[in-house]
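Asks: Sharing a structure here in structure tokens format.
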Amino acid sequence: MAVAKASDTKTPAKQSKVENGKAAPPPFSRQQDLEALRTMLLIRRFEERAGQLYGMGAIGGFCHLYIGQEAVVVGMQMTLKDGDQIITGYRDHGHMLACGMDAKGVMAELTGRRDGYSRGKGGSMHMFSREKNFFGGHGIVGAQVPLGTGLAFANRYRGNDHVSLVYYGDGAANQGQVYESFNMAELWKLPVIYVVENNRYAMGTAVSRSSAQQDFSKRGVSFNIPGEQVDGMDVRAVKAAGDNAVKWCREGNGPYILEMQTYRYRGHSMSDPAKYRTREEVEKIRHDQDPIEQVRQRLLGQKVPEDELKKIDADVRKIVAEAADFATHDPEPDASELWTDVYRVA
Ligand SMILES: Cc1ncc(C[n+]2csc(CCOP(=O)(O)OP(=O)(O)O)c2C)c(N)n1
Ligand SMILES: [Mg+2]
């Protein structure tokens, strides 16, 4: 799908039913587009900066960037209410920022400093916020799926109407524990949305090489769990599908699967030379489908002044610059912290 240029867009998005030859998702208000743009830009600029800091040696260990996939978390977050929970794997910085965690605390965790979300002892893959109902950050592929199903069980047990969002990748979708979770979730009608972020690769392995059933929305069929495929590069499509799924869950109908068709522009992690795909493939998606550029062009088409959009980018860059500054000046944890937060099962 080509991203319409401002000059091509003669009518506001909300009046167009067909875009680039396919049905347009329900329109966003200008306010929603501006909000989505801001958060997606925050994630992108944060990740770009994290990539730079990694290159400079300020961040060690693993670091998996979310660039390209921003519309997924931002659209889904727009469907939630306070108290709903989120859990994901290791590609988690975007999820944290989308649910309102502080950029300084996330960046300081990446650099291993004492004011990071895990006091500098967790790093990129291991951050949590009870306040924002973000339950990690998990390095074991697929491990978050049963945990997130457990969050839904707790909601059901307590009789509240909260939902849990469980994000995982196309590679993780082939893990056995995912299907044990599906079975229990449907059996007990748990309010959980399984959000498969299909970015086409699991490390260097393309979906076509790893997955017998590449339509991940159908993976719940034998458990009677409904699902749908969603254009994960279009934040409006994500929000619309998310709204339906959230409603389904809140009304007590059990779990739902959303396959978000998305793409990561960067390598699997910072140490990935990405030899398994061509530069042209990445460039084509970035050019034709970029989630941020889609929103920007829509807003320009609605005559939002370019300066207003530039100001949003400048505001976001400031937040990220301050986060990076904080994260490189905050002290490292005291050596005595080596002995805290270590648990032993008696
Ligand atoms: C149980 C387990 N097996 C293997 C790994 C190594 N590993 C880390 S990420 C990854 C690929 C997962 O890909 P996907 O689920 O598509 O998520 P993406 O990285 O694309 O976001 C693998 C195999 C791991 N961390 N845990
Ligand atoms: Mg993947």
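Asks: Given contacts defined as C-alpha pairs under 8 Å and at least six residues apart, what's the relative contact order of region 187-346, whole-number percent?
Replies: Details: 149 pairs, mean separation 39.8, N = 160.
Across region 187-346, relative contact order equals 25 percent.
Asks: Related question: Residues of region 30-45 with amide nitrogen under 12 Å from the 7 Å Cα-to-Cβ point of Asp307?
Replies: The answer is none, because no backbone nitrogen lies closer than 12 Å to the label point.
Asks: Give me, ordered by chain and number, the residues 5 or more places off Gln85 or on other chains with an amide H under 5 Å from its own placed amide H.
Replies: So Gln85 has HN proximity to Val163, Ser164, Leu165.
Asks: Can you work out the accessible area per residue across the chain, with the rest of the protein chains kept in place, probe 1.4 Å, in square angstrom?
Replies: Values: 16100 Å² over 346 residues.
Counting only protein heavy atoms, the per-residue value for the chain is 47 Å².
Asks: Can I ask one more? For the pair Ser336 and Arg30, how long in nm is the line joining their label points, each one 7 Å along Cα→Cβ?
Replies: 5.6
Asks: If you don't mind, another one. How long are the three semi-axes of the equivalent ellipsoid of the chain, in whole Å, if each is the root of 5 times an eigenvalue of the C-alpha gyration tensor, listed from largest down? Please list the in-between numbers first.
Replies: Details: eigenvalues 171, 146, 77 Å².
Sorted largest first and rounded, they come to 29, 27, 20 Å.
Asks: Let me ask something additional. How large a share of the accessible area of region 85-215, in percent, is made up of carbon and sulfur atoms when the probe is 1.4 Å and the other protein chains stay in place?
Replies: On the way: 2580 of 5090 Å².
Whole-percent figure for carbon plus sulfur exposure: 51.
Asks: For the chain, with only Lys/Arg (+1) and Asp/Glu (-1) charged at the beta-carbon, what is the dipole magnitude about the Cα centre, in debye rounded to 20? Walk me through the intermediate numbers first.
Replies: Numbers: 45 positive and 45 negative charges, 100 e Å.
With only Lys, Arg, Asp and Glu charged at Cβ, the dipole is about 480 debye.
Asks: Right, next: Under 8 Å for C-alpha pairs, at least 6 residues apart: give me the relative contact order for the chain, rounded to a whole percent.
Replies: Working: 660 pairs, mean separation 86.1, N = 346.
Averaging sequence separation for qualifying contacts and normalising by length gives 25 percent for the chain.
Asks: Calculated FRET efficiency, Asn253 and Glu280, Cβ-Cβ r, R0 41 Å, to nearest 0.05?
Replies: Numbers: r = 43 Å, r/R0 = 1.05.
Calculated value: 0.40.
Asks: What is the spread of the Cα atoms of region 220-264 along each of their three principal axes, largest first, in whole Å?
Replies: 31, 22, 12
Asks: Taking amide H positions as placed in the peptide plane 1.01 Å from N, state which residues far from Thr205 in sequence (5 or more) or on other chains have amide H under 5 Å from it.
Replies: Long-range HN contacts for Thr205: none found.
Asks: If each residue of separation counts as 0.36 nm, what is the full-extension length gain between Glu48 and Met203 once their alpha-carbon separation is subtracted?
Replies: Details: separation 155, 0.36 × 155 = 55.80 nm, distance 1.96 nm.
Gain in length upon complete extension: 53.8 nm.
Asks: Mean-square fluctuation check for the chain, GNM, Cα pairs under 10 Å: which of Asn160, Asn174, Asn198 is largest?
Replies: In the Gaussian network model the winner is Asn160.
Asks: Here is a further query. Based solely on its DSSP helices, what 222 nm [θ] is calculated for the chain when runs of n ≥ 4 H residues each add -39,500 (n - 2.57) and the sum is averaged over all residues, nearest 500 deg cm²/dmol?
Replies: Details: 11 runs with 141 residues, N = 346.
It comes out at -13000 deg cm²/dmol, rounded to the nearest 500.
Asks: Restricting attention to region 287-331, which trypsin sites (Lys or Arg not before Pro) occupy a DSSP loop and are surrounded by at most 11 other Cβ atoms within 10 Å? Each step should come with its number before you reach the end.
Replies: Numbers: sites: Arg296, Arg298, Lys303, Lys310, Lys311, Arg317, Lys318; in loops: Lys303.
Of the trypsin sites (Lys or Arg not before Pro), the ones in loops of region 287-331 whose Cβ has at most 11 other Cβ atoms within 10 Å are Lys303.
Asks: Calculate the translational D of region 166-235 in whole µm² s⁻¹ from Stokes-Einstein, where the hydrodynamic radius comes from the Kirkwood formula applied to all Cα pairs, the temperature is 37 °C and the viscosity 0.692 mPa s. All intermediate terms of the calculation are to be shown ahead of the outcome.
Replies: On the way: Rh = 12.7 Å.
In µm²/s, the coefficient rounds to 258.
Asks: For Ala143, what charge total do you get from the other residues with a beta carbon under 13 Å from its beta carbon, if Lys and Arg give +1 and Asp and Glu give -1?
Replies: On the way: positive: none; negative: Asp92, Glu180.
With Lys, Arg at +1 and Asp, Glu at -1, the net is -2.
Asks: Would you look at the GNM of the chain, springs on alpha carbons closer than 10 Å, and say which of Ile319, Ile225, Ile140 moves the most?
Replies: Ile140
Asks: Also, quick follow-up: For region 259-346, with the dipole built from +1 on Lys and Arg beta-carbon atoms and -1 on Asp and Glu ones, taken about the Cα centre, which of Val345, Ser271, Ile319 lies farthest toward the positive end?
Replies: Towards the positive end, the residue furthest out is Ser271.
Asks: Taking the Cα centre of region 150-273 as origin, work out the dipole magnitude from +1 charges on Lys and Arg Cβ and -1 charges on Asp and Glu Cβ, in debye rounded to 20. Present the calculation step by step, with values, prior to reporting the outcome.
Replies: Working: 13 positive and 13 negative charges, 29 e Å.
Rounded to the nearest 20 debye, it is 140 debye.
Asks: Between region 19-58 and region 130-167, what's the alpha-carbon centroid distance in Å?
Replies: Using only Cα atoms to place each centre, the spacing works out to 25 Å.
Asks: When the accessible area of region 273-346 is split by element with a 1.4 Å probe, what percent falls to carbon and sulfur? Spell out each step's value before the answer.
Replies: On the way: 2880 of 5130 Å².
The computed percentage sits at 56.
Asks: Still on this structure, please answer the following. Strictly greater than 19 Å: what percent of every Cα pair in region 176-286 meets that?
Replies: Numbers: 3120 of 6105 pairs.
Of the Cα pairs, 51 percent sit more than 19 Å apart.
Asks: Taking each pair of distinct Cα atoms in region 18-91 once, what is the resulting Kirkwood hydrodynamic radius in Å? Could the numbers behind the result be given before it?
Replies: Details: mean 1/r = 0.0679 Å⁻¹.
Averaging 1/r across every pair of different Cα atoms and inverting gives 14.7 Å.
Asks: Scan region 243-286 for trypsin sites (Lys or Arg not before Pro) in coil per DSSP, keeping those whose Cβ has at most 15 other Cβ atoms within 10 Å, and list them by number.
Replies: On the way: sites: Lys247, Arg250, Arg264, Arg266, Lys275, Arg277, Arg279, Lys284, Arg286; in loops: Arg264, Arg266, Lys275, Arg277.
Sparse-neighbourhood loop trypsin sites (Lys or Arg not before Pro): Lys275, Arg277.
Asks: Now a separate question. What full-extension length gain, to one decimal in nm, is calculated for Glu228 and Arg317 as 0.36 nm per residue of separation minus the Cα-Cα distance? Please report the intermediate quantities before stating the final value.
Replies: Details: separation 89, 0.36 × 89 = 32.04 nm, distance 3.52 nm.
The span from Glu228 to Arg317 would gain 28.5 nm if fully extended.
Asks: Something else now. With a cut-off of 8 Å between alpha carbons and a minimum separation of six or more residues, what is the relative contact order of region 104-185 in percent? Intermediate results must be reported in sequence, preceding the final value.
Replies: Values: 104 pairs, mean separation 15.3, N = 82.
Once divided by the residue count of region 104-185, the mean separation gives 19 percent.
Asks: For the pair Asp325 and Lys121, what calculated FRET efficiency results from E = 1/(1 + (r/R0)^6), where r is the Cβ-Cβ distance and R0 = 25 Å, to the nearest 0.05? Could you put the intermediate results ahead of the total?
Replies: Numbers: r = 22 Å, r/R0 = 0.86.
E between Lys121 and Asp325, to the nearest 0.05, is 0.70.
Asks: Among Thr278, Thr88, Thr111, which one shows the biggest mean-square fluctuation in a GNM of the chain, springs joining Cα atoms closer than 10 Å?
Replies: Comparing Thr278, Thr88, Thr111 in a Gaussian network model of the chain, the most mobile one is Thr278.
Asks: If the only charges are +1 at each Lys and Arg Cβ and -1 at each Asp and Glu Cβ, what is the size of the charge dipole of region 250-332 around the Cα centre, to the nearest 20 debye? Can you show the working numbers first?
Replies: Details: 15 positive and 18 negative charges, 65 e Å.
Roughly 320 debye, rounded to the nearest 20.
Asks: Something else now. So if each residue of separation counts as 0.36 nm, and I subtract the Cα-Cα distance between Ser210 and Asn160, what length gain in nm does that give?
Replies: Details: separation 50, 0.36 × 50 = 18.00 nm, distance 3.83 nm.
Full-extension gain reported as 14.2 nm.
Asks: Now a separate question. Please turn the phi angles of region 328-341 into ³J(HN,Hα) values with the Karplus equation 6.51 cos²θ - 1.76 cosθ + 1.60 (θ = phi - 60°), one per residue in order, whole Hz, x for glycine and proline.
Replies: 9, 10, 4, x, 6, x, 5, 4, 5, 5, 4, 9, 9, 6
Asks: Between Ser271 and Val221, take the C-beta separation as r, use R0 = 22 Å, and let me know the FRET efficiency to the nearest 0.05. Write out the running numbers ahead of the final one.
Replies: Details: r = 37 Å, r/R0 = 1.68.
Calculated value: 0.05.
Asks: Once phi is turned into θ = phi - 60°, what whole-Hz ³J(HN,Hα) does the Karplus curve with 6.51, -1.76 and 1.60 give for every residue of region 227-238, x standing for Gly and Pro?
Replies: Running phi through 6.51 cos²θ - 1.76 cosθ + 1.60 with θ = phi - 60° gives x, 8, 8, 10, 6, x, 9, 10, 4, 5, 5, 4 Hz.
The values are calculated or read from the model by the stated rules, or taken from the named source; none is laboratory data. This is a predicted model, so every value here is computed, not measured. Glycine also receives a Cβ, built like all others from the backbone with ideal geometry; neighbour counts cover every protein chain displayed. To get the accessible areas, we keep the full protein, side chains included, count just its heavy atoms, and leave off ligands, DNA and RNA. Shrake-Rupley method; radii C 1.70, N 1.55, O 1.52, S 1.80 Å.
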